[in-house]
Amino acid sequence: MSLKERRDIAHLYGHTPRGVLFTLVEMRGSSSHAAGARFYAAADGRSAGSVSSGWIETELLQRAELLAGADAQMQIVCTAPDVEAHLLIEFSDTPEAAALMETFEATLRGESRSVVTVLPKAGTALLRFVMDAQGDVLFASDLLETEEIVPMRRTARSSAHGALHMLAQGRIFVEHIEPTVSEQDTMNNTLHTEAR
């Protein structure tokens with residue numbers, strides 16, 4: 001996910017904190033988007049980000065309306081016989097979503113973050129913790145105990161971005177979100193910050 005997409009999602013969330021966040025966890029088949037791509041559908045109908053090249057976002061906007069009030073969940077969206085998008089769908093009014101948005105803000109300030117999400121399955125809640133570049137836990141879901149975080153933290157620190165692992169806690173999705181350092185992105189971020 002580009003700096004611009006992070007900035008756009010964080011900006012829209014800041015102005016419209018009610019909505020649905022879609023995260024591409026896994027893509028089977030051809031796609032230009034990698035694990036961790038996100039699309040935010042705000043309750044007022046505006047959106048930011050992308051999990052595809054436009055071929056799925058319209059359907060996600062329709063799903064967002066139908067999913068209002070449901071728990072976080074995983075869904076598979078088939079767009080062609082040989083293409084499946086595995087999406088995490090979560091609502092923006094949770095502490096886990098707020099921690100993710102704060103992660104985006106931190107990376108816009110030049111800080112690195114790692115996000116570990118225990119993917120929900122039927123009857124279980126989405127759980128998440130966020131670490132800084134040194135591996136210190138900055139946020140953890142209330143239902144996560146320290147002894148559960150320790151093995152996930154160890155696995156995440158040695159994992160690549162977008163990795164999926166099966167652990168005792170469930171299937172975890174690991175993201176290492178680094179600040180993007182291009183001159184154009186820096187200029188755009190400065191202009192965006194000044195416009196706020």
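Quick check on my filter: what residues within the range 2-25 are without any contact (Cβ under 8 Å) to a residue 60 or more places away in the chain and either within 13 Å of the chain's Cα centre (by Cα) or part of a loop (DSSP other than H, G, I, E, B) (or both)?
GLU5, THR16
Tally time: how many residues in the range 88-100 are surrounded by fewer than 20 Cβ atoms within 10 Å (Cβ to Cβ) and under 21 Å from GLY162 (Cβ atoms)?
1
Taking the range 149-172, which residues are farther than 16 Å from GLN134 by Cβ, aliphatic (A, V, I, L, M) and assigned to a helix (DSSP H, G or I)? Steps first, please.
If we filter the range 149-172 for residues that are farther than 16 Å from GLN134 by Cβ, which is where we start, we get 151-152, 155, 159-172.
Then keep just the ones that are aliphatic (A, V, I, L, M); that gives 152, 160, 163-164, 166-168, 172.
MET152, the sole residue that qualifies.
Test GLU111 against the criterion of being among the acidic types (Asp, Glu), more than 25 Å from LEU87 (Cα to Cα) and in a loop (DSSP other than H, G, I, E, B), and give yes or no.
yes
Every residue, every condition in (1) at pLDDT below 70; (2) open to solvent by less than 60 Å² (accessible area, probe 1.4 Å), yes or no:
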site	(1), (2)
GLU5	no, yes
ILE9	no, yes
LEU12	no, yes
THR23	no, yes
ALA34	no, no
ALA43	no, no
SER52	no, yes
ARG63	yes, yes
ALA70	yes, yes
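Give me the pairs: first residue in the range 81-107 and over 16 Å from VAL25 (Cα atoms) and in a loop (DSSP other than H, G, I, E, B), second residue modelled with pLDDT under 85 and not aromatic (Phe, Trp, Tyr), beta-carbon distance under 6 Å, and six or more apart or on different chains, which are they?
ASP82/GLY29
Just need a number here: residues in the range 107-166 that are open to solvent by less than 20 Å² (accessible area, probe 1.4 Å), touching a Lys or Arg at 6+ places or on another chain (Cβ under 9 Å) and closer than 28 Å to ARG7 by Cα.
Of the residues in that region, 12 qualify.
The values are calculated or read from the model by the stated rules, or taken from the named source; none is laboratory data. Predicted, not measured: the structure shown is a model, and the values here were computed from it. Quick reminder, even Gly has a Cβ in these numbers, built from the backbone with ideal geometry, and neighbours come from all protein chains shown. The protein model used for the area step is the full one, side chains on, heavy atoms only, and it has no ligands, DNA or RNA in it. Shrake-Rupley method; radii C 1.70, N 1.55, O 1.52, S 1.80 Å.
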